1. Does any residue of region 213-223 turn out to be more than 16 Å from ligand 2 (Cβ to nearest atom), of a type in the set (Gly, Ala, Ser) and surrounded by 18 or more Cβ atoms within 10 Å (Cβ to Cβ)?
2. Among the listed residues 99, 69, 61, 29, identify the single one that is modelled with pLDDT of 95 or more, surrounded by 13 or more Cβ atoms within 10 Å (Cβ to Cβ), aliphatic (A, V, I, L, M) and in contact with an Asp or Glu (Cβ under 7 Å, 6 or more places away or on another chain).
3. Collect the residues in region 188-234 that are in contact with a Pro (Cβ under 9 Å, 6 or more places away or on another chain) and within 13 Å of ligand 1 (Cβ to nearest atom), keeping them in residue-number order.
4. Can you tell me which of (1) within 17 Å of the chain's Cα centre (by Cα); (2) over 25 Å from residue 102 (Cα atoms); (3) modelled with pLDDT of 90 or more; (4) not hydrophobic (A, V, I, L, M, F, W, C) is the one residue 6 doesn't meet?
5. List every residue pair whose Cβ atoms sit under 8 Å apart, with the two residues 6 or more apart in sequence or on different chains, where the first one lies in region 120-148 and is of a type in the set (Asp, Glu) and the second, anywhere, is not in a strand (DSSP E or B).
6. Regarding residue 185, is this residue within 16 Å of ligand 1 (Cβ to nearest atom), touching a helix residue (DSSP H, G or I) at 6+ places or on another chain (Cβ under 6 Å), touching a residue at least 60 places away in the same chain (Cβ under 8 Å) and of a type outside the set (Lys, Arg)?
7. Using the structure shown, decide if residue 219 is in contact (Cβ under 8 Å) with a residue 40 or more places away in the chain, within 18 Å of residue 295 (Cα to Cα), assigned to a strand (DSSP E or B) and within 21 Å of the chain's Cα centre (by Cα).
8. Residues of region 5-25 being assigned to a helix (DSSP H, G or I) and under 20 Å from residue 70 (Cα atoms), which ones?
Amino acid sequence: MKGEFDFIRDIKSLFPSPDGVCGIGDDCAVIPQRDGMETLVSTDMMMEGVHFLKDDIPAYALGWKSAAASFSDIAAMGGTPVGSFLALSVSASVPESWAAEFLRGYRDVSELCGFPLLGGDTTSSPDRICVCVTVLGKSASGLCRKRSDALPGDLVCVTGTLGDSAAGLEAILKGFARTDEVQRLIGRHYLPRPRISEGGILASCPGVHAMMDISDGLASDVRHIMEESGIGVSVDTGKLPLSDDLLSFCRSHGLDPLHFALSGGEDYELLFTVDPSALDGLEVPCTVIGVVTSGRTLLVDGKEASCTGFRHFE
Ligand code: ADP
Ligand code: MG
């Protein structure tokens, strides 16, 4: 099997989008409606053994995270929530209490973010758990933000802090002592908060050009904006927003916080580009981490970057 992104490129060339529809290649498909609105749709899968280990993640957290990861794709386009569909495969050996906790987590983040559950599908599985969430959002015509709209000279910005979720995962996998800071990092990993309201506010600002969410890691995801917009990006690691928890955790364990911030996935923060003249008017707290260039490369501290994030089949 070739790499995940090459495979998606093949699918895209085999299945061109109908006129007026933005299909494969962004966080959501964008489907125009007759009433001056657009429908946003995205689907995301969580597979036991790939995205999570059943004995390591509480059922509540899995329910929360599966929904949150999909909701984040609506945030990434600046959309308004409409609802979600949940397809779930579990083996008969999974206890009812597991399913109840899973649904409680799914419900709590759905209420927090304003996505009612509207349907889904349930099947038995011979072995592993598989969760697939489809999410629907809406946006006024032409208002949602795509990966393809970055312009040379734009500033590159992110919301929140980077690397916390990956550090939380590291602490879980390595069995590090659950100090308060480790608990908070694990909380970022298990219970991510999609930036729905921030995405909506950013999409209403004309100076905000390209936008996406960070699910696979900054160094991987920024390349999607580069590819779709035909531009380059220069990132200054001295500007990356790092939480005190991440810094202290890395100091205690002799780890590099920049590794988590650049290559760690599942932060579900927003990555966007903005015209410099619009930066001061943004009503969303964010950090400028770099600039858009007209070259086609990713520069990290002036050097061509080799770091990547998570990719399937590699
Ligand atoms: P995200 O991380 O934002 O969920 P992905 O990297 O999963 O985005 O997907 C990138 C794009 O490729 C999306 O537009 C998605 O719909 C599309 N895509 C991924 N897998 C498939 C598939 N098997 N069939 C059709 N489209 C796909
Ligand atoms: Mg996304």
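The values are calculated or read from the model by the stated rules, or taken from the named source; none is laboratory data. The structure displayed is predicted, hence computed values, not measured ones. Glycine gets a Cβ as well: all are built from the backbone with ideal geometry, and neighbour counts include every protein chain shown.
1. Our first condition is that a residue be more than 16 Å from ligand 2 (Cβ to nearest atom); within region 213-223, this holds for none.
No: region 213-223 contains no residue that is more than 16 Å from ligand 2 (Cβ to nearest atom), of a type in the set (Gly, Ala, Ser) and surrounded by 18 or more Cβ atoms within 10 Å (Cβ to Cβ).
2. 69
3. Within region 188-234, 213 is the sole residue that qualifies.
4. Status for residue 6: all satisfied but (1).
5. Hits for this filter: 127/91.
6. no
7. Taking the combined requirement at face value, the residue does not satisfy it.
8. Across region 5-25, the qualifying residues are 5, 8.
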